[in-house]
Every structure is written in C-alpha cells, then in structure tokens.
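First comes the structure, then the notes that go with it.
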Amino acid sequence: MFKLHSLKLTCIIVLTCFSLFSQNAPETFNNPILPGYHPDPSICRVGDDYYLVNSTFVWFPGLPIYHSKDLVNWELIGHAIDRPDQMNFDGLPDMLGLFAPTIRYHEGLFYIINTCVGCGMNFYITATNPAGPWSDPNWLPEADGIDPSLMWDDDGKCYYTGVVGTEKPEWEDQGVIYNQELDLQQKKLVGERHNATFGHANNASYSEGPHLYNINGKYLLMISEGGTGIYHALTVHHSDSVFGPYTTDYINPVLTHRHLGQDYPVHAIGHGDLVQTQNGDWWAVMLGKRRLDGLTTLARETFLAKVDFDGQTPVFNKGEGKVLMTQTRPNLPWTPFKKQPAKDEFEGDKLNKKWYTIRTPKDSFYTVNKEALHLNLRAEIMDSLVNSSLLVQRIEHHKFEASTKMSFKTSKDNEQAGLTVYRTNENHFNLLKDKNSLVLIKAFKGEQTEIARIPYKDKEVYFHVEGNDLDIQFSYGESMDTLKPIGDKQHLIVIADLQGNAMFNGPGIGLYATSNGKTSKNKAVYDWFYYEGKPLN
Ligand code: 6LW
C-alpha cells in the first residue's frame, strides 16, 4: 500500500517536472548566444557538457570559461587567466594581449592554447576543472604567429596548427596556416613545420583562426579569411594526411556574410569552431558583429549555427547559408541556469565574476565588505597603459540602463570617482564627482572634452546612464527619484569599433576612481551597481 502510494507520488512529481520543463523549453533560440564583447569563440564537449572560451585582450581576469548543456544557455564559470603572475599586460594597448584561444579536452585534462600578443606570444595552460584553477603558462617560444589550435590524432599525437605571415608575401596580407607536432612531454613543438594553406582565394588576406579536425579518418581544416571585418569568411580544406597536402573545398567560403551587402545588420561572420553533440549533430560557434547605421558598438559577439555534412563538406544552416537571428535550437535538454540579479549589491567578500579590471593588477585596489564595494583612489589614470582603479562589466545590449549609488568626498583638487563607459584608454566617457562638482568627460580618439560640469556638494550621489542604440544619456541625482540629465545625449561612436584605437576588444561599463598622479588614501564606496539590457536589439 505504502509502496504503491509512494510510486504514485513519484510519478506525479516526475510528470509535473516533465511538463513544467517541457513547457519552459523553447523550440528556438536567438543569436547572438553570447552578446557583447565575446570574440574568437572556441568550443569543446565532454560527455554532455559544453565549454566555450573567448579572447579578452587586456581585460583581467582573462579568457572567460562558459559552460552549457544545451548550447544556448551559457553560464560564466571562471577564467583561465585569473592570477596576476600568469600574464602581464602592462603597457599594452587595449587591442593587444590575449588573442584568439582554443579550448580542447584530452584524457582528463582541459587545454587552452593561446597567444599573448606583446606579452610572450604562444602558450598553453591546462586544468582538470575548466572552472579553474588553470596552470601557469607553458610558453612555446618556437611557435611563430598567432591563433594556435590543438588536435589529438588517433595515434595519440598532438598537433599544433597556427598562422604566421609569409616572409616574402605574394599579395597583400598573405598569411600561411601551418601545423607541427606538439610533444606534451617535452612541452615544445617537434619535427618539421608543414604549410597547409594560404587560404582558398588567390588573394586571401588574413588567413587565420585555424582549427583542425580528424573526422572519420579525414582531416578537415577550417580557417578564416578576409580579416575580422566585412570580408570575414570561413573556408574549409581537406586532406587524407595530417600534414597535407590540403585541397580547398569547392563550396568555399562555407560561411560568410560578405555578399549580403554593406548594410546587412550582421556582418564579419567568421572565426568559428565546430562541435559534435552527444547525439551526433554538428553545430558551430563563430564571431559576428551587429551594426546600427554602419557602426558596431557591441564589438564582436558569439553566434551559433547548425552544421550538416554533405560528404566531407560542412554546410552551415542548410538551405539558408547564413547566420540566423532565430532558429530551431539544438536537440539537447533545455538547461537554463540561475542568472545573476541585475542589481549587484556587493554581498560577500568577492566581486562577482562578471567584473574585470583593465591590465594586470599589481596590487589589490578594492575590497568588498559590509555589502559595498570600496574602491581605492590610486595615482594611475585610465588614459595611460597601466592598471588603474577601474572595474567594468560587458555592455551586452543596444538598449540598456545602468546606475549606481556612490559615497565619495574629497578636499583635494586631484581626486575623482564615479562611473565609466569604457572602450579603450583613448575612447571612453567618465561621469565623475570631484571636490565641488560633477563632471562629464568624453575621450574620443585620445582627445578629452569636458561636456558638462555641475556644482555638487553632497557626499552621496546616484549616477544613471541610459543607452539607446547609438545614443547615451548620463544623469545624476540625490536619489533615484530626482535624477537630472547632465550634458546632452552623447553619441556612442565613442565606444564603436574601428574608431581610433578601438579594435578587437569590446565595451564595458563600471566604476572608476583616481587621484590623478598623486598618492591618496581616499576611497569611493559604492552600495550597488545595476545593469540591465533589453535582450535582442
Ligand atoms: C584574432 C585573429 C584576428 O586572434 O583577430 O583579425 C585577432 N584576426 O584571428 C584578435 O581577435
């Protein structure tokens, strides 16, 4: 009797869960799967878990690791470069540092292979848990060029694939994809280097981002061509032997948006990585850019597309041949995760993983305690190529709101603290409080302009920004109910791609404090920081 009763109960619970679960599971997903600054995605699967990594240039911690079970819901679980002694970004412009990484799994270990441009070049790191900790870098000084990738062959050997410029280029921006064995015992490249391809076109520029796959005993080399802008494209090349010769596929490029017109809303599609699901389906992640009136303010984002094989040839979104903003989602159990609240109340004693500083921090410059963030004023300024007291998170939406409550008082002319919208040391907005006033400053292509200054005496201030496609309005108040605009609407061209030194990396929003070249013991205290965006815009 009891058994029957508990069996019934179990059935009811299972059925209820099942119906709740299936009701919530949508049939489609929206692109980009990782909006905002998420370039150069690389993906791997272990069992029914998927892991993805992006490039992060001089943001610290670097190389975010995302986890998913359904290829659509991606949770940030850690960063591969999160100890200052792993990597030094000092003095590097915002577009250098950690370029395109590759993540792979082999016999119980996760590998990320990557290039730190301007800071040591090629290295790999390993971890048993992808959330970290990751090892210190194993540098590969003999590996030239950028965009390294790894492939383990059936014989257990590991092969490195990378790209380097040609010594005597036959055409502009010619690059060559090469591969070589990587001996993981000796931790170095061994044997001969073999050139695989210059790209499929006879004037292929910026051949890069290679990934090599052994699919049913045949070698598939997928690369990008055309540079990471409007001519970006994915091409594939085939061989029966790991070291080639590689033959270019007749249908190249296998994926591009270069032919869709200069005003197509998504462009720069390229730099992709393939993954096969536990059910045998194939998908690919790749980067792309959305644009508004010809400008890209959210930088390179991560997109997902279905792949079917016609023989050896990967066909992207069969019948469509382009990246779609909405499409049928992968046939995988829908597994959403608990999202972080939009309002960060700075609980506990650590910052949430979504926060970054720019360049490697030399000392600790903030504390999280008593439900507040205490940001030390330091001499460093964000306009120079060092680590300043700057904390940002990604701007991921074309329409967004952000606000914060700050307590900060100073009697010194050199001390300032407030809110920032940051792209590079030369391109940003700062809304700062100083001795007697609030000031809105724009830096664009290295030129600083004071947009507005308003007398302000209180210790506490609320800052608010509203981003609306290409406009941004800054406001301030003594409370959230008494906000007033400061300055007119500003144009977000300031943080857009290819404006001055705004290249490769992406935009962030957050908090900044400085004592402008002098030492200080002062702090700015933030009670909370709120960021919320309207998805899919
Ligand atoms: C990336 C390379 C590229 O490593 O941009 O233009 C670099 N090409 O593939 C930075 O994302």
Can you tell me which residue within segment 94-123, out of those that are open to solvent by less than 40 Å² (accessible area, probe 1.4 Å) and without any contact (Cβ under 8 Å) to a residue 40 or more places away in the chain, is farthest from I495 (Cα to Cα)? G108
Any residue at all in segment 215-227 that is open to solvent by 10 Å² or more (accessible area, probe 1.4 Å), over 29 Å from Q499 (Cα atoms), touching a residue at least 24 places away in the same chain (Cβ under 8 Å) and of a type in the set (K, R)? yes
Selection over segment 268-310 where residues are within 16 Å of the ligand (Cβ to nearest atom) and in contact with a Gly (Cβ under 9 Å, 6 or more places away or on another chain) yields a count of 18
Consider segment 124-139. How many of its residues are surrounded by fewer than 17 Cβ atoms within 10 Å (Cβ to Cβ) and within 16 Å of the ligand (Cβ to nearest atom)? 0
Flag for W74 being modelled with pLDDT of 95 or more, of a type in the set (F, W, Y) and within 14 Å of the ligand (Cβ to nearest atom): no
Pick out the one residue from L498, L483, L470 that is within 25 Å of V386 (Cα to Cα), open to solvent by 10 Å² or more (accessible area, probe 1.4 Å) and at pLDDT 95 or above. L498
Among the residues of segment 262-290, what is the count of those that are surrounded by 18 or more Cβ atoms within 10 Å (Cβ to Cβ) and free of Cβ contacts under 8 Å to residues at least 24 places away in the same chain? 0
Please specify each residue of segment 121-158 satisfying the condition of being touching a Cys at 6+ places or on another chain (Cβ under 8 Å) and within 25 Å of D240 (Cα to Cα). L150, M151, W152
Of the residues G191, G244, which single one is over 23 Å from V285 (Cα atoms) and open to solvent by 20 Å² or more (accessible area, probe 1.4 Å)? G191
What pairs come out if I take residues in segment 248-261 that are over 20 Å from P210 (Cβ atoms) and pair them with residues that are open to solvent by 80 Å² or more (accessible area, probe 1.4 Å) whose C-beta lies under 8 Å away, six or more apart or interchain? none
Segment 213-244, subset within 28 Å of the chain's Cα centre (by Cα) and small (G, A, S), residue nearest to F316 (Cα to Cα): A233
Scanning segment 442-466 residue by residue, the ones that are over 22 Å from K343 (Cβ atoms), outside any strand (DSSP E or B) and out of contact with any Asp or Glu (no Cβ under 7 Å at 6 or more places or on another chain) total 2
The correct count of residues that are under 15 Å from D144 (Cα atoms) and open to solvent by 10 Å² or more (accessible area, probe 1.4 Å) in segment 177-186 is 2
Which residues, counting only those in segment 302-346, are open to solvent by 20 Å² or more (accessible area, probe 1.4 Å), in a loop (DSSP other than H, G, I, E, B), touching a residue at least 24 places away in the same chain (Cβ under 8 Å) and not aliphatic (A, V, I, L, M)? Q312, G321, K322, R329, N331, P333, W334, T335, P336, F337, E345
Selection from segment 356-395 of residues that are under 15 Å from L419 (Cα atoms), open to solvent by less than 20 Å² (accessible area, probe 1.4 Å) and assigned to a loop (DSSP other than H, G, I, E, B): L377, M382, S388, I395
Residues that are open to solvent by 30 Å² or more (accessible area, probe 1.4 Å), away from the ligand (no atom under 16 Å from the Cβ) and at pLDDT below 95: does segment 506-528 have at least one? no
From the option list E167, E208, E142, single residue qualifying as touching a residue at least 24 places away in the same chain (Cβ under 8 Å) and either away from the ligand (no atom under 16 Å from the Cβ) or open to solvent by 50 Å² or more (accessible area, probe 1.4 Å) (or both) is E142
In segment 455-467, the residues that are acidic (D, E) and either surrounded by 13 or more Cβ atoms within 10 Å (Cβ to Cβ) or farther than 19 Å from K435 by Cβ (or both): E460, E466
If I filter segment 4-23 for residues that are at pLDDT 50 or above, more than 16 Å from the ligand (Cβ to nearest atom) and in a loop (DSSP other than H, G, I, E, B), do I get at least one hit? no
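The values are calculated or read from the model by the stated rules, or taken from the named source; none is laboratory data. What you see is a predicted model, and the numbers here were worked out from it, not measured in a lab. Please note: Cβ atoms are built from the backbone with ideal geometry, for glycine as well, and neighbour counts cover all protein chains shown. Just so you know, the surface numbers come from the protein's heavy atoms only, side chains and all, with ligands and any DNA or RNA stripped out. Shrake-Rupley method; radii C 1.70, N 1.55, O 1.52, S 1.80 Å.
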